[in-house]
Each structure stands twice: as C-alpha cells, then as structure tokens.
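The values are calculated or read from the model by the stated rules, or taken from the named source; none is laboratory data. What you see is a predicted model; the values in this text were computed from it and never measured. Cβ coordinates were reconstructed from backbone atoms using ideal geometry, including for glycine residues, and neighbour counts include every protein chain displayed.
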Amino acid sequence: MKMVYSPRHHGHSGHVELYNGQILPAFEKPERAEMIRAAVEARGFGPTIGPSAHGLDPVARVHSPAYVRFLSTLTELWIADGRPFPILPSFWRAPGMRRLEPETVDGKLGHYSFDAGCCFVPGTWDAIQSSVDVALTGADLIRAGEASAYALCRPPGHHAHDETMGGYCYINNAAVAAQALLDSGAARVAILDVDYHHGNGTQAIFYDRADVLVCNIHADPKQEFPYFLGHADETGSGAGEGFNANYPLPWGTGFAAWSAALDDACRRIEAYGPDVLLVSLGVDTFKDDPISQFRLDSPDYFAIGSRIAKLGRPTLFVQEGGYAVEAIGVNVANTLEGFLQ
Ligand code: SP5
Ligand code: ZN
C-alpha cells in the first residue's frame, strides 16, 4: 500500500484554538502527521510518494466558487489590512439572519465558518491545497488499479461543508476525492467515516445523492461536537433517502459496542456494492485521546482494518482526526496492517 504525504502541511503550524474559554495551541498540530508518517513507514507497507498538483477544479466540484475564493484570498486580505496573525473567526450568524457575504474580512470569516476551530497562519492556505492534493493523488492510485492507498491528509476535511469551514477542516478532502472518482467513471462510492466526531460536512455534501453512500460512526451529537448534526434519524433526502447512515454512540463507548456499529455499517456498504470505498480514518476514538471520550485501545485498530478489508473493495484511506500524538501513529498503522493482512 502506497502512502501519499506532503511536507507542505508544516506551513499550518503555530496556530491556536478556543478551548475551555482559553486560546490554546491547536490540538491539530504538525507533529500528528509526522508521528503517523514515521509509524506507517516503519511497518514497510510500501513507498511514500508526494502528491501531484490537481489545481482547484476538482475542489470546485464540491465547494462553492465564492468559498474557494475566500480561502485562497483570506491571508492576502488580512495582510492588506495590516492585521496581526493568527486569524481566528469569532462572529457567526444566528438562524433567521441573512446569508449575504459581508465585504469586510471579519464578516467573511463568520460567513464561511461554524466555529473557532479553523485558524489561519500565513502557511495555512498552502497546507490546505497540499492536503487535498494528497487525497486526490490517493484517488489517482485507486483509479490506476491499486487495491488500496493511504492519503496522509493534514489539515483534515470531514467537518467542512460546501461553503463552511469548522472543526480544523477547510476543504473536505474525502468528499473531493469521492467526487473525482465519480467524475472519472465510478458509478457508486461509499464513504465510511470512523472518526470520533460526526463527519457533518461529508454528510451534508452528499445528503441528497444516491451515488455516494455515507456511513458515520461517532460520538452522539447530543453530547459531543459538532452538536448540531449526526443523529440516527438523518437518513438522506430526496434521491439520497436511504443513502446516509449514522451510528451515534455515547461517551465511554468501548470496542464491543463500537465494532457492532462497524459491522452494521459494513453490511450496508456490502449491500450498496460501491466501486470504491473511501475511509475517513480518524483515530480520536482512542482511549487516551485528549479531546475525546471513547475507549478503543491500540490492538482494536487491527480489527477495524481487517473488518474493512472483508468488504473486498478498492479502498482509499483518508486521514481525519486523532490527537493523542504518542499513539496516533501506532493506531493508524495498526488499522492499515489489519487491512493488509
Ligand atoms: C477532524 C476533527 O477531529 N475535528 C475535531 C474538532 C473538535 N473540536 C471541538 C472539540 C470539543 C471538545 N470538547 C470540549 C470539552 C471541554 N472540556
Ligand atoms: Zn475527530
């Protein structure tokens, strides 16, 4: 299995987030990707390759042109305004307010975000572009006939909607890769999101479509971020009715209950018969994750990979969350090793 990785993720560093009422160094930091890269390379699954540049056209198949323009010009706008870094949104609309893009940068930041989880430093936009190129290069490998590939995306993507950033996510890497596979001949793609947090962006992007089955196993939004999406009764709409499946689980969930949800999701995916399976691989389900409340242990990730392998589909793993820096490399590598065995 090849791994796609770019050192350009390092540009997104030194940023902050708002946590427990304090501005803290972001949990989503460069060391994450380096720990994962080292652990995966140490297992010898296959070569690490760099991404090829795909430009913004495949991004615009998922995200609105105005949103992509916002992301690509925000840093210049900020510098032109003579403002200090980092950039962090802190104003949002309430339901009933209007969806018009404000002219000023603070207004635009609120218009295009849903939380204060998406900080910008001068290297952030370049890192965002490298991350989606990593996912698209992974999709290229699958298209070229590889049985599987691992895209070490950073920043992650699954919380990003078509024109909203949030939860450390700017561009929805998995959604862009899925759309690129559909655009190049796949008829059906399944996305299995195993990150601790609900993949609200991925769900919303494909909610009314039958050509992408989205299955999400995550902490119940009644207790956990993103709070406002991810309930079990969200099953899709219109032509997409029946093509979204949520498995919300309570804080404290261990592997027995978690893997029962995985079994059910896998049965759905099997029945759907996708041409390609995309796994949004977050390992923040780990017992010692600093911002999460599930209790999976490192050996459990072998079992996850092996259950996914039983589906027998071309499979692209796309990195999402996981913040226990000492363990995330092992947990990602265990998932991939369980898949390959
Ligand atoms: C990609 C990904 O995993 N994004 C996660 C973003 C989570 N941000 C919000 C975390 C809220 C954690 N709960 C706060 C409890 C304070 N004691
Ligand atoms: Zn997460």
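Worth a mention:
- In the stretch 152-174, the count of residues that are at pLDDT 95 or above, assigned to a helix (DSSP H, G or I) and not basic (Lys, Arg) is one or more.
- Enumeration of residues in the stretch 1-25 that are assigned to a loop (DSSP other than H, G, I, E, B), in contact with a strand residue (DSSP E or B) (Cβ under 9 Å, 6 or more places away or on another chain) and surrounded by fewer than 21 Cβ atoms within 10 Å (Cβ to Cβ): MET1, GLY14
- Subset tally (residues that are at positive phi and away from ligand 2 (no atom under 16 Å from the Cβ)) for the stretch 308-333: 1
- Contact map, the stretch 316-329: residues that are touching a residue at least 12 places away in the same chain (Cβ under 8 Å) and outside any helix (DSSP H, G or I) paired with residues that are away from ligand 1 (no atom under 11 Å from the Cβ) and not aliphatic (A, V, I, L, M), Cβ distance under 6 Å, separation 6+ or inter-chain. Pairs shown: LEU316/GLY138; PHE317/TYR150; ALA324/PHE286; ALA324/ASP288.
- Members of the stretch 247-295 that are among the β-branched types (Val, Ile, Thr) and either within 30 Å of LEU182 (Cα to Cα) or away from ligand 1 (no atom under 15 Å from the Cβ) (or both): THR253, ILE269, VAL276, VAL279, VAL283, THR285
- Evaluating VAL176 against the criteria (1) over 27 Å from PRO89 (Cα atoms); (2) more than 13 Å from ligand 2 (Cβ to nearest atom); (3) of a type in the set (Val, Ile, Thr) leaves one unmet condition, (1).
Results for (1) assigned to a helix (DSSP H, G or I); (2) free of Cβ contacts under 8 Å to residues at least 40 places away in the same chain; (3) closer than 28 Å to ALA151 by Cβ, shown as yes or no for each residue.
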position	(1), (2), (3)
ALA39	yes, no, yes
PHE45	no, no, yes
TYR67	yes, no, yes
LEU71	yes, no, yes
TRP78	yes, no, no
GLY82	no, yes, no
PHE91	no, yes, no
MET97	no, yes, no
ASP106	yes, yes, no
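- Identification of strands (runs of 3 or more DSSP E) wholly contained in the stretch 181-291 with 1 or more residues that are within 28 Å of GLU326 (Cβ to Cβ) and either of a type in the set (Gly, Ala, Ser) or at pLDDT below 95 (or both) yields 212-219, 276-281.
- Meets criteria (in a helix (DSSP H, G or I), more than 16 Å from ligand 1 (Cβ to nearest atom) and closer than 23 Å to TYR323 by Cβ) for ASP140: no
- Unique match (being farther than 11 Å from VAL194 by Cα, within 15 Å of ligand 2 (Cβ to nearest atom) and in contact (Cβ under 8 Å) with a residue 40 or more places away in the chain) among LEU340, LEU336, LEU296: LEU296
- Candidate set from the stretch 290-317 (those that are of a type outside the set (Ser, Thr, Tyr) and under 17 Å from the mean Cα position of the chain (by Cα)); member that is surrounded by the most Cβ atoms within 10 Å (Cβ to Cβ): LEU316
- Residue check, TYR301 under 22 Å from GLU224 (Cβ atoms), outside any strand (DSSP E or B) and in contact with a Pro (Cβ under 9 Å, 6 or more places away or on another chain): no
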